[in-house]
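Down below is the structure, laid out as structure tokens.
The values are calculated or read from the model by the stated rules, or taken from the named source; none is laboratory data. What you see is a predicted model; the values in this text were computed from it and never measured. Here the Cβ positions follow ideal geometry from the backbone for every residue, glycine too, while neighbour counts run over all protein chains shown. For accessibility, only protein heavy atoms count, side chains too; no ligands or nucleic acids. Shrake-Rupley method; radii C 1.70, N 1.55, O 1.52, S 1.80 Å.
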Amino acid sequence: MADLQHCPTPRELDDLELLTGGAFSPIEGYDEFGSPITLTLPPAADADLDAGRSVELVDPEGLPLARVTRAADHSLTVTALTHAQYGPFRRLYLNPAQVRDRYAGRTFVPVADVLTDRQLAQVQEAGPVVVLALVGTGTPAMSAVGLLRATLRAVEGLDAAVVAVPLASHGRSDPQLRTLVVENYADEDPVLDLAPGGLPLPQLADIVAEEHPDRGEQGLVLFFTGLSGSGKSTLARALMDRILERGGRSITSLDGDVVRRNLSAGLTFSKADRETNIRRIGWVAAEIARHRGIAVCSPIAPFDETRQQVRKYVEDAGGAFFLVHVATPLEECERRDRKGLYAKARAGEIPEFTGISSPYEEPLDADVRVDTTGRTIEDALDDVIEALHRAGYLDLGLALPDDAAPVEVLAPNPHRPVNVLFVCTANICRSPYMLLKAQALVGDDPTVRFTSAGTHGFDSAHVDRTMATAMRMRGIVPGNIEAFRSRRVTSDILAEADLVLTAESSHREFLLEEQPGAFRKVFTLGQFAESLGRIDADLTGHDLVAAIGHSRAMTTSSHDISDPYRRGLEAASDCADQIDGLLQIALSRLTGKAL
């Protein structure tokens, strides 16, 4: 920590950035006795100071605002050079000395939100006043410009001066810092803290509406993230088409490949340059949102930290950030691989390739997750459109053929059991174990019903002998094992199921290729168990199945239950153990009972 023997003005605290390349750290401490403010300087700046060189503090445009030097006793001195010369209402940004010289003898009134009728009456009663509008980063309920506009209009006709005070928010220390800063402006003059409450002022309604537009009028960034080949660009383009067809909003596409050619030409595919590319997309998207437009972005954006930076850009600009995770599994993306990128990455020809030699951090804050496996573009797009409608951002309707009859959507009968279908390959090892173990765990519970089937194999086969041995070792009734007969899954069997749980992602893909419309009810068992963490813990039965269809985790190879067929009793036992753990999680949530 470098000890600055200087109390910067509020403007300096709000605007300054170290020329050496990093923003200085937040304030660490101060007290009513005026202890020094301490800032952490980057190593390069410390090295310059140790060498007897000064360090400049600059504004975001690079204008030098102050110079820091280190004395022989290691204390630091800050020398003011100038202050920021640009920005709306710059004339109102006066330093404490200027305010005391110009407005001594007045009552000082700090405000951080729009004045109400009750508060305006207090201001009127106070006589000549100076309204200190606290407009620093993170402090006001409105933007700095919005708060100043509203304050100036509210005090029109009164003996009131308005001064902008860029008091940045510093968390738990805010009340103490606020007091110190206000007293620095007021000096010996009285300070009036306005009482809360009151009604909105009608003359400020238009300013407040501009600051807080309805969601349907707010600037919006639709940010699609997912692996290469997941279908995010296709979905993004389809959504843009739908918005353009509906009309009424300006929209801009910031597709990853297009941005690479125009905005980020010259960047490499190193991790640092890829993240720079995402931040550039985010900055442009935020500026579009600032002006109430819609930006549609579809980069891979594999790292959560960078996605959060983009979210902050957008929110700081007053826009809404809507994150779409196109959660198509890696194996499906690799199967599509029209550009041959995955093959090259596995051959070592493409370094740091997301999903192969570089990680993809699955977003936990996505507004909607879409797996495009085995689905049409229109079907997958409906997930996004529905989520946007629920959130209140866009009402685009659902895609229906011109001659389509109205569809009546009926809620599930809460008294009908949830029909759970377990699926593996031949229906002689894994899915029979899932079926018989589930029946043993749940017993005679009327809220669930279990069946099983296989994607391949013969009808009416017995349980595999080795798996039957593992079943008996785990207490499954021998008569139930002997009575079991395999069957192949059919479209009718799939249609009757409310929830389909497969052993592997390959089984899930097989089913969805045959019936893409079953997307919301088909999971691997491991995927379903992981997805439960995203769902309200109070939901059970049909309500749980409906909710999880919209908030699923992406499928990964770690979810797969390996096939023990002809691999011996140890493999069968390991398979059974894995299924036992997953069924405990899944069935206890589905039934709402401890198993």
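Listed by first and then second residue, the pairs linking a residue in segment 241-267 that is closer than 21 Å to residue 228 by Cα and touching a residue at least 24 places away in the same chain (Cβ under 8 Å) to a residue that is outside any helix (DSSP H, G or I) and open to solvent by 40 Å² or more (accessible area, probe 1.4 Å), with Cβ atoms under 9 Å apart and 6 or more places separating them unless they lie on different chains, are 254/263; 256/300.
Can you say whether residue 509 is open to solvent by 10 Å² or more (accessible area, probe 1.4 Å), of a type in the set (Asp, Glu) and over 16 Å from residue 327 (Cβ atoms), as far as the supplied structure shows? I'd like the intermediate steps shown before the answer.
Values: open to solvent by 10 Å² or more (accessible area, probe 1.4 Å): yes; of a type in the set (Asp, Glu): yes; over 16 Å from residue 327 (Cβ atoms): no.
Spelling it out, it is not the case that residue 509 is open to solvent by 10 Å² or more (accessible area, probe 1.4 Å), of a type in the set (Asp, Glu) and over 16 Å from residue 327 (Cβ atoms).
Flag: residue 285 matches the condition of being crowded, with 20+ Cβ neighbours inside 10 Å, of a type in the set (Gly, Ala, Ser) and on the phi < 0 side of the Ramachandran plot.
Please specify each residue of segment 459-475 satisfying the condition of being under 21 Å from residue 561 (Cβ atoms) and assigned to a loop (DSSP other than H, G, I, E, B). Spell out the reasoning first.
Step one: list which residues in segment 459-475 are under 21 Å from residue 561 (Cβ atoms), which gives 461-475.
Matches in segment 459-475: 461, 462, 463, 464, 474, 475.
Condition first: in contact with a Pro (Cβ under 7 Å, 6 or more places away or on another chain), free of Cβ contacts under 8 Å to residues at least 60 places away in the same chain and surrounded by fewer than 19 Cβ atoms within 10 Å (Cβ to Cβ). Can you find one or more residues in segment 457-477 that meet it? Among the residues of segment 457-477, at least one is in contact with a Pro (Cβ under 7 Å, 6 or more places away or on another chain), free of Cβ contacts under 8 Å to residues at least 60 places away in the same chain and surrounded by fewer than 19 Cβ atoms within 10 Å (Cβ to Cβ), which makes the answer yes. Against the conditions (1) at positive phi; (2) surrounded by 14 or more Cβ atoms within 10 Å (Cβ to Cβ), residue 266 satisfies every one except (2). Determine the pairs where a residue that is farther than 22 Å from residue 319 by Cβ, located within segment 198-217, has a partner that is not in a helix (DSSP H, G or I) with Cβ atoms under 7 Å apart, the partner being 6 or more residues away or on another chain. Cβ pairs passing all conditions: 198/116; 199/116; 200/116; 201/115; 201/116; 204/114.
A quick yes/no check of all residues on (1) modelled with pLDDT under 95; (2) touching a Ser or Thr at 6+ places or on another chain (Cβ under 9 Å); (3) not in a loop (DSSP other than H, G, I, E, B):
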position	(1), (2), (3)
390	yes, no, yes
405	yes, no, no
410	yes, no, no
420	no, yes, yes
426	yes, yes, no
446	yes, no, no
450	no, no, yes
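Listed by position, the helices (runs of 4 or more DSSP H) contained in segment 8-115 that have at least 1 residues being at pLDDT below 80 are 10-15, 43-50. Checked against (1) open to solvent by 40 Å² or more (accessible area, probe 1.4 Å); (2) within 30 Å of residue 212 (Cβ to Cβ); (3) part of a helix (DSSP H, G or I), residue 318 passes all but condition (3).
At least 1 residues being basic (Lys, Arg) is the threshold, and among the helices (runs of 4 or more DSSP H) wholly inside segment 476-595 those reaching it are 505-514, 568-591.
For the condition farther than 30 Å from residue 304 by Cα, open to solvent by less than 60 Å² (accessible area, probe 1.4 Å) and part of a loop (DSSP other than H, G, I, E, B), residue 229 does not qualify.
Restricting attention to segment 495-523, the residues being in contact with a Ser or Thr (Cβ under 7 Å, 6 or more places away or on another chain) and more than 25 Å from residue 416 (Cβ to Cβ) number 6. Can you tell me which residue in segment 537-595 is surrounded by the most Cβ atoms within 10 Å (Cβ to Cβ), limited to those that are closer than 20 Å to residue 424 by Cα and of a type in the set (Val, Ile, Thr)? Among residues in segment 537-595 that are closer than 20 Å to residue 424 by Cα and of a type in the set (Val, Ile, Thr), the one surrounded by the most Cβ atoms within 10 Å (Cβ to Cβ) is 555. All conditions in (1) surrounded by 17 or more Cβ atoms within 10 Å (Cβ to Cβ); (2) modelled with pLDDT of 90 or more hold for residue 168, with the sole exception of (2).
Can you tell which of 532, 499 is under 17 Å from residue 453 (Cα atoms) and either touching a residue at least 40 places away in the same chain (Cβ under 8 Å) or touching a Gly at 6+ places or on another chain (Cβ under 6 Å) (or both)?
Numbers: 532 fails: under 17 Å from residue 453 (Cα atoms).
Exactly one residue qualifies, and that residue is 499.
Looking at the structure I just gave you, is residue 179 surrounded by fewer than 20 Cβ atoms within 10 Å (Cβ to Cβ), modelled with pLDDT of 90 or more and not small (Gly, Ala, Ser)? In short, no. Determine, yes or no, whether residue 352 is in contact (Cβ under 8 Å) with a residue 40 or more places away in the chain, surrounded by fewer than 23 Cβ atoms within 10 Å (Cβ to Cβ), of a type in the set (D, E, K, R) and out of contact with any strand residue (DSSP E or B) (no Cβ under 7 Å at 6 or more places or on another chain). The answer is no for residue 352. How many of the residues making up segment 192-217 are farther than 20 Å from residue 149 by Cα and either basic (Lys, Arg) or open to solvent by less than 60 Å² (accessible area, probe 1.4 Å) (or both)? Residues meeting the conditions: 5. When residue 544 is tested against (1) in contact with an Asp or Glu (Cβ under 7 Å, 6 or more places away or on another chain); (2) within 19 Å of residue 369 (Cβ to Cβ), only condition (1) is not met.
Would you tally the residues in segment 417-454 being basic (Lys, Arg), in contact with a strand residue (DSSP E or B) (Cβ under 9 Å, 6 or more places away or on another chain) and open to solvent by 30 Å² or more (accessible area, probe 1.4 Å)?
First, pick out the residues of segment 417-454 that are basic (Lys, Arg): 430, 437, 449.
Add one more test, that the residue is in contact with a strand residue (DSSP E or B) (Cβ under 9 Å, 6 or more places away or on another chain), and what stays is 430, 449.
Retained after the next criterion (residues that are open to solvent by 30 Å² or more (accessible area, probe 1.4 Å)): 449.
Residues that pass the stated criteria total 1.
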